[in-house]
Structure formats: structure tokens, C-alpha cells
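What follows is calculated from the coordinates using simple rules that are stated; it is not laboratory data. As the structure is a computational prediction, the values presented were derived from the model and not from experiment. When we count neighbours, we look across all protein chains shown, and the Cβ atoms used for this are built from the backbone with ideal geometry, even at glycine.
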Number of protein chains: 2
Amino acid sequence: MDTLHVALIGFGTVGKGIYQCIEKQREQLESLLQKKISIDAILIKNAELQREVDEGTVVTTEFDELLNLPQLDVVFEAINGVEPAETYLSRLIEKGCHIVTANKELLATSGSRIRELAATHKVGLRYEASVAASIPILSTLREGVRSNQLSEISGILNGTSNFILNELQEKGITFEEALRVAQDKGYAEADPKNDIDGWDAFYKILILSDIVYGQQPKWENVVRKGISDVTSFDIKKAEAIGLRIKHTANLSLSAEGPVISVEPVAISNTHPFFNVTGVNNAVCVSSNLAGDITLQGPGAGAEPTASAMIEDLLSLHRNSTDAVYYSSLEKAEDGDQNFLLIGDDAALSNLTFLPSSEEGAYYATGNRRDIEAALQTHPHVKVYPMYGTENRLTPQIELI
Amino acid sequence: MDTLHVALIGFGTVGKGIYQCIEKQREQLESLLQKKISIDAILIKNAELQREVDEGTVVTTEFDELLNLPQLDVVFEAINGVEPAETYLSRLIEKGCHIVTANKELLATSGSRIRELAATHKVGLRYEASVAASIPILSTLREGVRSNQLSEISGILNGTSNFILNELQEKGITFEEALRVAQDKGYAEADPKNDIDGWDAFYKILILSDIVYGQQPKWENVVRKGISDVTSFDIKKAEAIGLRIKHTANLSLSAEGPVISVEPVAISNTHPFFNVTGVNNAVCVSSNLAGDITLQGPGAGAEPTASAMIEDLLSLHRNSTDAVYYSSLEKAEDGDQNFLLIGDDAALSNLTFLPSSEEGAYYATGNRRDIEAALQTHPHVKVYPMYGTENRLTPQIELI
């Protein structure tokens, strides 16, 4: 049996996960690949930490040592940030290595450059794990609905934010307390900015935009809000009228190109996101023939991420292309939308809203720009776009 | 540009859907395939019905006319039942035609014979639409989690049953009334046996068993219950303690081979199936690395079914194999399970159950065989396996 030579860049949670999962499933993988798998090298940052790896595996802090291995078929990249990842991957691609990566920031920033480089050098580039870990969203977009036109993709793409909002809802604690719980459980970093300010979800939805529409919106045109403004009070008010606040990312298409928003929204109990709890992720794809398809599962974690990366390894053997689909456009409707407004009654008294069963929580239907304009003089009123109510809420209300 | 020659067998809801979807998406499909698509022929049963199809398309009641077309690349099979479908497909495969089918009864009954025949004649055989229409469950099993070991697959696989149970729950009407609503809406056939007796879900889970474990359990060993015994009373009792009754199919593996049950179960609000309403389907795949992944969407209908079949057509161009995965086994645990028991208090008084907030609705934890044995003298007590409660319910209860 031939041998497939692989290497890992990074040996943190994900890198270790890949190593361990390959060992755990070695028999099954080698039977699927009809090749032996050899983990030839692991590139690490801190030489002083102990590594429990096979004796035959080179563990090094020098990238060149990995690059100069006599034969290397596939490299798993499992570090964060654009550099040095971009330099590493570029040099490996130029050498003819296939790449499997989970690096969302890199793909959101330099994805098209790296895809082009991979195409030029005829190597495979796979990144299913970069969006929602083991949930097969990229492969579904590439091979499950590509005969369709897509009108919208929305997702709970950041498990940390979802966990914190869930804690706020269930325990009525403060944002700071919930963040501390998330950090204690290892769901949030010491510096949580990337998750709670919406950057992580932002990178992921940009990757989907690249895949689905072959382009990204200008970053400065993207609404990107995190969860740090969401309070237990908002969550309770929403809950009192049957809604939950979730942090989502949304992608659709206008005549000018892709439109993205990353923000907290209000979800009704008829929407598949209503019950997505803990660190789970979910993605809903709205298409013209297949209908609305929702995929739900773990959005992070060593094993789910490693699983997606190992599936990518298997898919390299199928030699499918990495092309961009959905180049034909469907214009997103620029019509009215439903919103949940939270604010004290005095602040909202000069606006005519739909009466609600809960004081201080109101529904509004209308054009987003109009509603935001009407609320400009009410900075304390929170506006949450609503998911799960398909029709405009009746009786129709007028914003004065 | 080359031309891809296709034909349809059947021109009912699904057949017409395929025809119309190909017309609707023709530009996108031809660009993806880099071929023109020509629908050369349609095999129909009733010559007297008007067909609105292109003049160049032969519409015939004679299978031989379709079989003898000078060149035919792919045939979409969209009729029901084993015969004459099996004869038609066998002859087409022997002639070298690729096959796309949605025929679940045929695949459950003769799938392995047809797969072998297709392999022998080196033609593609695709059937994503046979299980849960446009939900990409087959491709996820084939390409999204094949490095994993699967411990369980469960699904709401029959949209008609799900719709009827939903009607019972929301409207408190009788089973017969709910069935009539389903028939009026076109969700249930005039003869609804196939759906409400669990046959449809049974065929679908058998197809998954073939794909995942390469084998089926003996049909006589499968628990197959429909929904006709579920009453509004049961649903109300369950609802009072926060549960919903859903019809599901379940596949796992024991040392003796695959184990399947098709029956109504009780779902807690933490389970992804809780909010699957209307004619929707959902499938949950439990795997050792990727975790629990749930796919949800339309489980039937002309366009979602046609979409899946057209995606199959596209996948034929990728030339991926139709092999069986997951041949390595993971033994399903034969341990305790949680159940919801519904019956009047008198009937249950000599059993010690966990106290419940609702009279007549009780939780029990234990081995299924023991519980059913203990209830043998209580034929009016309904037993629903419970989904969504991961741990045994405490305080632990003893069945006397």
C-alpha cells in the first residue's frame, strides 16, 4: 500500500485534535484512502512544551524544516490569523502540496489570492472546517443545492456568543458573569474580542459569500455588531413575548452585490434557530427549488473541527474542483421586515407600534432605513431584526 | 457544446417537477454541466391526459420506445412501487444508461441488486431524493462524516405523519379529521396506508441502513408502527409536561447487525426535532468525532424532490463512486432508555413511576424489554420512547 505523507502546522486544540483523530480512526481512514497515512512533521511555536507524538514524527519550530521534507502530500494548517499562515501556505502550494485549513481570518482576508495560487499550481485547497466546524455547510453549498438559486443564507456561526446569550437567558446573570463562565469552560479566549465583537462570525459569512456569489461586499459596508450590548433585560423582554435573542450572520444578494449583516436578532419559536443552544451552530440556506434547509451541530471543538478537516483530506482524493458557484444572481427583495423594539414606554410613546403583550417590547414592520431614522432621536431603544415571522406582522403599523 | 440526453419515467408530481425545474434552471445547469440538456422522452401511463411539453420531446406509453432511443445518457425514474420500475431500470442499466431515482420502495426492496447491476455495467446510480427529498442526508453520510463511526441515525422521515401529528397538537381535532386536512392539502394519498402505517419511513431508514452499514436488518425484526394509535389525548398529556409526540425512524447497530425502529416517540424541547413542524423532515446523525449533526428541511414536494434529483444529475458528472461506507462497526449500547407513559392513574397505580406534574403522564427509565413486560397487563398504557433527555431521569424509578 502506498503512503500518504501529511504534516501539521500548529499543535494547539485543533492540531492536537487532528493528530488524535487520525490515530483513532487510522484503520478506517487507510481503508477509505487505500493508503497508509504518515504524519511526517508538526510545526510548533513553543519548543518547550512537551508533545506526545510518535517517534517518527519530526516536531520542529522551523517552517523550512517542514517545507524541505522530501515528500509531503497534504498539510493541515491549524493556526490563527493571516500571518504567518499566508506565507506558509503560499510556499507549500508553490511546492505542490495540497492544503486543508480551518483558518477563517486568512480565508476571509486572502481567500481569493490563495484559491488562485492553488489553481495555478493545480493543488487542492479545502476548508470545510473554517465555517461551523463539522456541519457540512460548504459541501452542501457546493454539491447539495448548486442547481438552485439562493436567496439567503443565515447562520448562528459563533458558538461562544450563542453560549453567552443562552447563559443570560437561562440564568439572568450579567454579561460579564456569562463571559467569565464561557472563559472558565474554555469556550471563550482570555481576549474574547474576536468572538463577542462579531469578528469570527464576520469572517465565516465572508467565506460563504465568496463560495456562493464569488465575491465579498466591501468590508466597510457590512453591519458587524457583537453581543456586548445585549442585556438580560432585553432577553427577558423578548422572552415574555415568545422570542429569543441570538447572534446571527446573514448573507443575501442585492443588485449591487452581496449584502452581509452580523448582529443580534430576535428569533420566533417557529424558526429552526430558536432551539439552538449552547456552543452549537446552525446555518439555514434558502433556495428556490430545494426550499429552506437548516444544518445544525457543533460549531467548534477539537474533534468536530478535526473531523471536518479529515473529511477534507478524503475529498482531496475525489479531485473535485474548488470552483465558485451561484454566479447567476437573484436580487434580494428590499422590502419590509419585522423588528422587535425594546425600550421604555415613554421613549416609544410618540411612535405608533403594534401593541404587545409585554410593556416595553414592541413589534414593528417596515423598511429598515425608515425605522432606524424614526428611532434616531431614541438612542436607548434597541432594534432587533426578527427571524421566524414570515409575513409582515398585522395589524400593519405606521412609523410616525 | 455537447448535448446531454435525458428521459423521464413518470410524469406525476415529481416527474413534472423535474421537467419544470430543468426548464427553469436551464441556463445555470447547462453552464455547470458545460452541456446542453435535451429531454428526449417521457414515459407516461395515461395517454389521454394533456401534457404541456416541448414539441421535440417524445411522450409515450411504451417503455420500449424510450429504451430504443438512439442515445440516452441519464434517466430520471419518478414512479412508485417495485414493479415495473425494477424491470425498467434493469434494462436501462444493461443498456448503459445512468439512473437517478427517488423510488424508496424499490431501493429498500431491491437496492443491493440494482447497485450491483449498476456497478457491473459501470453506470452511475443516484438516489438522494429517495430519503427526505432535498435534505442532503445521503451526500452528508457519503462525504461529510465518513471518517467517523456512527452510533445512531434518527429521523422524522414522513412529512405526512408529521403534519397530522402537528394538526392534532395544534387543533385538538380527531385523527380522522387531521387525515382529511392532509388529504385536502395534497399531503396524503386517498389511500394513506403507506404514510400513516409507517411504510414510507420504513423504506427510507432501510435505505440509510444499506448506505451506512452495508446491510439491512431482517424486515420481520423491525419495529414498524404508524401514527394511527396516537390520540389528541396523548398529545395533550405529553404537551402538559413539555413534550411533543413525533413519528420517527431510528437506526443503530448492535453486535448482530443494524437495528431499526419506526414509531411515535416523545421529544423534549432540547431536542432538534421538537420544532420540526408541518410536512418538514429532519435527520440527526450521531457520530464519534463530528458530534450530533441535524439536517432539516422539506421532506417532500415537487420542487424539493426535483432539486435533489437534478443535484444527482450534476453529481454523476463528478464520477464519484456509489460505495458503501461505515463497514466498521460500533456496538450500540443496549442500556436503559427514557420513556413517556400515558394512561390513567388507576392503570398505573401498581407501578412505581417518577412523579409527574401531569396526572396520567409519567416518565420511566429502564430497559425497554423490562418496561414492556411490566406493562403487559396494562394494554391501555401507551409507551413512547423519549428523545432529548440525555441522562436517565432522576430520581431513578423501579418498575415492579
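Quick notes
- Summary for B:ASN269: label point 7 Å along Cα→Cβ; distances to the equivalent points in the other copies, ascending, 0.6 nm.
- Assigned charges on the beta-carbon of Lys, Arg, Asp, Glu; chain B dipole about Cα centre (debye): 560 debye
- Position A:THR231, label points 7 Å along Cα→Cβ, spacing to each other copy in nm (shortest first, one decimal): 5.1
- When the pairs B:LYS193/B:LYS246; A:LYS16/A:LYS45; B:LYS171/B:LYS193; B:LYS171/B:LYS236 are compared against a 19 Å limit on Cα-Cα distance, B:LYS171/B:LYS193 fall above it.
- Sorted by Cβ density within 10 Å, fewest first, the residues B:TRP219, A:TRP199: B:TRP219, A:TRP199
- With Cα atoms, 0 to 90° folded angle of helix B:199-213 axis to chain B main axis: 80 degrees
- At 7 Å out from Cα toward Cβ: A:LYS45 inter-copy label distances (nm, ascending): 6.5
- Counting Cβ atoms of other protein chains within 10 Å of each Cβ in A:21-33 and taking the mean gives 3.
- Per-residue mean of foreign Cβ neighbours for A:308-315 is 4 (Cβ atoms of other chains, 10 Å radius).
- Between A:TYR187 and any residue 5 or more places off or on another chain, the built amide H atoms are never under 5 Å apart.
- Residues whose amide H falls under 5 Å from that of B:ILE9, counting only those 5 or more places apart or on a different chain, are B:LEU43, B:PHE76, B:GLU77, B:ALA78, with hydrogens built in the peptide plane.
- Across peptide A:294-301, the mean count of Cβ atoms from other chains lying within 10 Å of each residue's own Cβ comes to 6.
- Projecting the Cα atoms of B:VAL262, B:ILE18, B:GLY56 onto the charge dipole of the protein assembly as shown (Cβ charges, centred on the Cα centre) puts B:GLY56 farthest toward the positive pole.
- Scalar couplings 3J(HN,Hα) for the range B:24-36, obtained by applying the Karplus form with A = 6.51, B = -1.76, C = 1.60 to θ = phi - 60°, are 4, 9, 3, 4, 5, 5, 5, 6, 5, 7, 6, 9, 6 Hz; x denotes Gly and Pro.
- Three-way shape label, the protein assembly as shown, alpha-carbon gyration tensor, a/c 1.5: rounded
- For the range A:277-286, putting each phi into the Karplus relation 6.51 cos²θ - 1.76 cosθ + 1.60 with θ = phi - 60° gives couplings of 10, x, 8, 5, 10, 8, 9, 10, 10, 9 Hz, in residue order, rounded to whole numbers and with x for Gly and Pro.
- Estimated [θ] at 222 nm from DSSP helical runs (n ≥ 4, -39500 (n - 2.57)) normalised by residues in chain B, nearest 500: -10000 deg cm²/dmol
- 0 to 90° range, to nearest 10: angle between helix A:85-94 axis and chain A longest Cα axis: 50 degrees
- Per-residue HN-Hα couplings for the range A:4-16 [Karplus 6.51, -1.76, 1.60; θ = phi - 60°; Hz; x = Gly/Pro]: 9, 9, 10, 9, 10, 9, x, 9, x, 3, 6, x, 4
- Spatial separation of Cα centroids for the range B:69-84 and the range B:96-159, in angstrom: 16 Å
- Principal-axis analysis of the Cα atoms of chain A puts helix A:302-316 at an angle of about 60° to the longest axis.
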